[in-house]
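The structure appears below as structure tokens.
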Amino acid sequence: MRRSLAACTCLVVLLTTMQLLGVAVQPSVAAITPQPASPVPLFAYYYQWFDPSSWNRAKIDYPEVGRYSSDDPQVMRQQIQQAKGVGITGFIVSWKDTVTNTRRLRALAGLAAEEHFSLAMIYQGLDFNRHPLPVSKVAADFMTFRDQFSHDPVFYRMGGKPLTIWSGTWAYSHTDVARVTGAVRPAMLVLSTEKSVDGYKRIADVTDGDAYYWSSVNPSTNPTYGTKLSQMSAAIHADGKYWIAPFASGFDARLVGGTSIVPRNDGATLRTEYANAIRSSPDALGLISWNEFSENTYVEPSRQHGRRYLDVLAELRNTHPPTPSSAVDSSGTLPGAKSGPNRLNLVLLAGLPVALVILLGIAAHWRRRRDQPQRPTDRSAAQGSIDVTMFSRCGDIPAASTHRRSNRTRAGGALTASAAPAPEKPEFGQYGGRRHLRSYRPSATHLPLRRPAQSKFSTTNSDLCPILRAVRICGHKHVVQLNDHSLTVAPRGIPDKSCVL
């Protein structure tokens, strides 16, 4: 029982030490119980610019449904049903006011309403060459959306207002942003797409939060990016505004001028980025993307990947994701972060030396017990004999000295004597500046205890001092006293009944 308790204590101390030192301890798969998903809304960025000819440019994979047109209502409905089936709340639809885009948005809104699916709008404020559109055009388009779409309940609301996002705000001045948002913010939310806390703060007074579109981050080479998301979340929430955290399944935009690649790793990238996004306490999650096939961030079922990434999403939405190690930043504390867990770690770390001292004491006790015979397990055995090991801590006994004994035992009613083997070599150690005998262990003395008997000891050193030690006989404590030439065993507390052995 004691060994099991000590072993459990050792295991707890070891696991605690490993966790404090940052060593990952993986739980058994069988021990993981799926938990309900976080209620955080999940939106996928959705692009409606596809015609059959669009698939001939900069594509390395194609939709499983075929090279569709974004006007196709059957494709739209299937996309909505697939997204809804894996826990996606709605699409954030890319839009600016053109005849084609407005027609397609209106059709998608009608189908989404029928499927009880939500939409939001992201305004593309940059042209194909990544240059900002004229401020007058942006302002006019936002007012068009306000007048034609914002009252439709299919558009998702935060704080009672429909959600819209302005892509490319970093390319506009504070004055330009204020001009666009001032006319529409009473009726709807306008979130920026700034890439840092400073960027958000630059226009925080004329926007309603931030939706960071970060598709190209590589979690395996950027271990602190999760901290950046949390820092942005803290700054935005401190203002009482809205934060949409990004995550993606991978990235490869080389065919449209990009240079970096983020491997999908069969869903590992999606899992890690999802966990980091959740960790930043978002008001909504922004999946990049549903169908961005040019930058290869899509999760829509495709010929190359099938439904693999929808299946991963479904799993993530039905279990609590682990906090990834890549989300931890060792450089400092996040703004607004609480220090409770860090203090707990310090307390645990401070307690480790105490636990280790206790464990060392247990180990030393085991060694002493191992060198002594085990206590008999039944009464009859206990009444037969006991092994007594003698210890001394006084007198400078030379290492070359010998200590022999004769042991007379009772067998069949007669006393017999036998010579004991020579003792082990004494071990010396420093104590108080003098050399003292640390432990002196003759071989164990076997003494029958049914009736008193006498056993004499002879020694070449007459300076052996008396020692006193308690032993157990038949479950009762007895006292063993060693004098120069005799050994006495007596029940504790009854010295008048002691017997000389």
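Normalised by the number of residues in region 33-94, the mean separation of alpha-carbon contacts (under 8 Å, six or more apart) gives a relative contact order of 53 percent. With a simple spin-label model that places each label point 7 Å from the Cα along the Cα-to-Cβ direction, the separation between Ala187 and Ala140 comes to 1.7 nm. Cross-linked pairs Lys84/Lys201; Lys84/Lys195; Lys96/Lys228; Lys96/Lys161; Lys137/Lys228: Cα-Cα separations exceed 26 Å for Lys84/Lys201; Lys84/Lys195; Lys96/Lys228; Lys137/Lys228. For region 126-190, the spherically averaged projection of the C-alpha convex hull amounts to 4.6 nm². One decimal place: the segment Arg77-Glu115 gains 12.9 nm when fully extended, by the rule 0.36 nm per residue minus the C-alpha distance.
Quantify how much of the Cα-Cα distance distribution of region 132-251 extends past 19 Å, in percent. Percent of Cα pairs beyond 19 Å in region 132-251: 49. Add +1 for every Lys or Arg and -1 for every Asp or Glu among the other residues with Cβ under 15 Å from the Cβ of Trp243, and state the total. Here the charged neighbours net out to 0. Label positions at Trp170 and Thr319, each projected 7 Å from the Cα along the C-beta direction, are separated by 3.4 nm. For the peptides 89-101, 205-217, 141-153, 125-137, the ranking by mean Cβ contacts within 10 Å, running from highest to lowest, is 205-217, 89-101, 141-153, 125-137. Across region 231-298 the C-alpha pair distances fall into 5 Å bins from zero in the proportions 4, 18, 21, 20, 15, 12, 7, 2, 0 percent. Extension gain for Asp127 to Thr221 (0.36 nm times residue separation, less C-alpha to C-alpha distance): 30.8 nm.
Remark: region 278-294, residue by residue, has Karplus-estimated 3J(HN,Hα) of 4, 4, 7, 6, x, 7, 7, 9, x, 7, 10, 8, 6, 8, 8, 7, 6 Hz, where x stands for each Gly or Pro and the curve is 6.51 cos²θ - 1.76 cosθ + 1.60 at θ = phi - 60°.
Evaluate the relative contact order of region 79-223 (contact order divided by residue number), counting alpha-carbon pairs under 8 angstrom at least 6 apart; express in whole percent. Intermediate results must be reported in sequence, preceding the final value.
Numbers: 193 pairs, mean separation 27.2, N = 145.
Averaging sequence separation for qualifying contacts and normalising by length gives 19 percent for region 79-223.
Stokes-Einstein diffusion of region 35-151 at 25 °C, 0.890 mPa s viscosity, Kirkwood radius from Cα pairs, rounded to a whole number: 157 µm²/s.
If R0 is taken as 41 Å, the Cβ-Cβ distance between Asp152 and Asp198 corresponds to a FRET efficiency of 0.70. Calculated FRET efficiency, Ala178 and Ile358, Cβ-Cβ r, R0 45 Å, to nearest 0.05? Efficiency, from the Cβ-Cβ distance: 0.10.
Rule-based calculations on the coordinates, nothing more; no lab input. Values in this document were obtained by computation on a predicted structure and should not be read as measured data. Every residue, glycine as well, gets a Cβ built from its backbone with ideal geometry; the counts of neighbours run over all protein chains shown.
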